[in-house]
């Protein structure tokens, strides 16, 4: 019972720390790095909300602003794009950090990347809510909301990377560039693996058919 | 027993025929009429027109047609003109498609040679594009030659100008617009006395990034090298039609260089049609317009495409039917269309027939509704639109029409419902704005009084608490 209580307490503290970091990124990331604040559980919750906000984007956006064909909405593919995309960025950034002898730990990188999603997700949810009460005349303000969220997220990401990896500014830019290259390589490998597996499956199926027909 | 069995089988097999009898009317039509849903996918729709009969030379009693190129209907004269190019003659028909007279030679000994187009003014004056003789001739209602329009002469004309007039229209003031084959600069625009003024209403060349880059290269390269590069000429027109208001509709066969396949030219020669009018695969060969409803003829797919002059964004009020084939209702090489009392007549240059398409109930309802809608009588168009969407719930324009009607009536919630069905975001937004204003106005007294109560209550509570504090610390 105590264990459950401490878990919830930790999660609560973690979530409070997320919002603290949104407004005080320098202090917040310092605490993550040196005082081991912030919780992985809270970050998983952020990822879940991020995924859900992307689903809501297509499902709950008001009719005037919703350009998605309801016949074409696929939750699994949204899951792949959001959570899978996050995983690729995370792995790539971790790899790029290791290459450059960063001081960032695995846990810190994960938490930083999750924290960076928060402003955009919050503004996106507000946007989705408001689209149900807005007409086209205020469309520009709603788009501005999304842009603010995006810029804020970008700011948090840069500050977080800077503190977690303990880079100079030049190294940080190089790290971001390497991360982008890493993402491209991972996608290429995934595509390669996908087509190879497809060929192997076809090969096995062909052999199976040959044997079955000849028996 | 055996007899009973035989009878039973007989009855059963007759019963099997019943569904096919019910479908008999539909199966007579060799094509599927379709429209588009809000995502741009083709959706089947009930037939708006049915092929009724095909009229050939034999039915008219004047020998077979040969490569007939133009069909013209004069409402004022109640006469139909068929330009039978291969036989170098013009047939004048009554509206019930019986032969009235046949013009092979204009009085004065002028023989036509491969005529391609005709325009008849309300007083019966005929302008005939006599392509074989490379000139446009004017004749009066009795078929007497009035004059031969001289070949245009101007420094504006290209050096290798070959005058091949194929279509002509004449406005109320007698100004003549001639379409000459191979001239992409526009229509040849003549004064009533036949002198050349200018080229009129050339099709547009859209400036794309690719073309800007090529233009840059052309300015760098020598003149000789630049001349060998691809040139950006507007595409030439394929046919002309002048509507009752004097607008010229011009079609183009294909839309390379971003040219419009359909343009509506105002008296200044500027295109006033707000939409592009189709994709690159469409080779339009003719167009008619009546009451804001446009019917286009696509030679490539043998399709008749019916749409409207005014179109809402993201909402193509369109039905398409016809096709290539031998059956009645399909075409080999359709060359011209005419609209007579709501029915469509398509001239085929290879089948050498005129196919008559009559309106179905569905088509008639659409026309009625669109006509009212285009006149802005949205409220009156409610009933026809309801009939239309009852026949075909996929006909989105019906929902737009209903939405506009209810918007005008001030029933914004109903309007929103229909705009939603139509996928019409712009109009939905307008109705939504009005509706939310109403909701806010209705809620205002309650919200305001609640606020007042809260504020006063808060003030009183604050004072009481303050007093208690004072008493306690007192």
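What follows is calculated from the coordinates using simple rules that are stated; it is not laboratory data. Quantities reported herein were computed from a predicted structural model and do not represent experimental measurements. Neighbour counts run over all protein chains shown; Cβ positions are idealised from the backbone, glycine included.
In table form, for the structure just shown:
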| read-out | value |
| --- | --- |
| Virtual spin-label span in nm between residue A:204 and residue B:364, 7 Å along Cα→Cβ | 6.6 nm |
| Extent along principal axes [Cα atoms of the range B:28-359; Å; largest to smallest] | 65, 54, 33 |
| Highest-MSF residue in chain A out of A:194, A:20, A:115 [GNM, Cα springs under 10 Å] | A:194 |
| Spin-label proximity, residue B:371 to the range B:315-359 - amide N less than 18 Å from point 7 Å beyond Cα toward beta carbon | B:338-345, B:357-359 |
| Sequence ranges B:287-295, A:204-212, B:73-81, ranked by mean other-Cβ count within 10 angstrom, highest first | B:287-295, B:73-81, A:204-212 |
| Stretch gain in nm, segment residue A:137-residue A:56, where the contour uses 0.36 nm per residue and the Cα spacing is subtracted | 26.9 nm |
| Theoretical FRET efficiency, 1/(1+(r/R0)^6), r = Cβ-Cβ of residue B:43 and residue B:465, R0 56 Å, to 0.05 | 0.25 |
| For the range B:160-206 versus the range A:1-32, the gap between their alpha-carbon centres in whole angstrom | 78 Å |
| Rounded tilt (10° steps) of B:396-409 against the dominant C-alpha axis of chain B | 50 degrees |
| Distance from the range B:33-110 to the range A:48-122 (C-alpha centre basis), Å | 63 Å |
| Taking N as its residue count, the alpha carbon Rg of the range B:362-474 over 2.2 N^0.38 Å | 1.94 |
| Mean-position separation - Cα centroids, the range B:324-356 and the range A:139-207, in angstrom | 59 Å |
| Size descriptor, Kirkwood hydrodynamic radius, that averages inverse alpha-carbon separations across the protein assembly as shown, Å | 32.4 Å |
| Rounded to 10°, Cα long-axis angle of helix B:209-220 versus longest principal axis of chain B | 60 degrees |
| Where labels lie 7 Å past Cα in the beta-carbon direction, separation of residue B:210 and residue B:99 in nm | 5.1 nm |
| Cα pair distances in the range B:59-141, grouped into 10 Å bins until the bin that holds the longest one, percent each | 19, 56, 24, 0 |
| Those residues of the range B:397-426 whose amide nitrogen sits under 15 Å from the label point placed on residue A:67, 7 Å along Cα→Cβ | B:424-426 |
| Cα gyration tensor shape for chain A, rounded if a/c is under 1.5, else prolate or oblate | oblate |
| Förster-model FRET efficiency, 56 Å R0, residue B:393 and residue B:113, C-beta, rounded to 0.05 | 0.55 |
| Shielding by other protein chains, A:60-72, mean Cβ within 10 Å | 3 |
| Helix axis angle, A:40-59 relative to chain A longest principal axis, alpha carbon, degrees | 70 degrees |
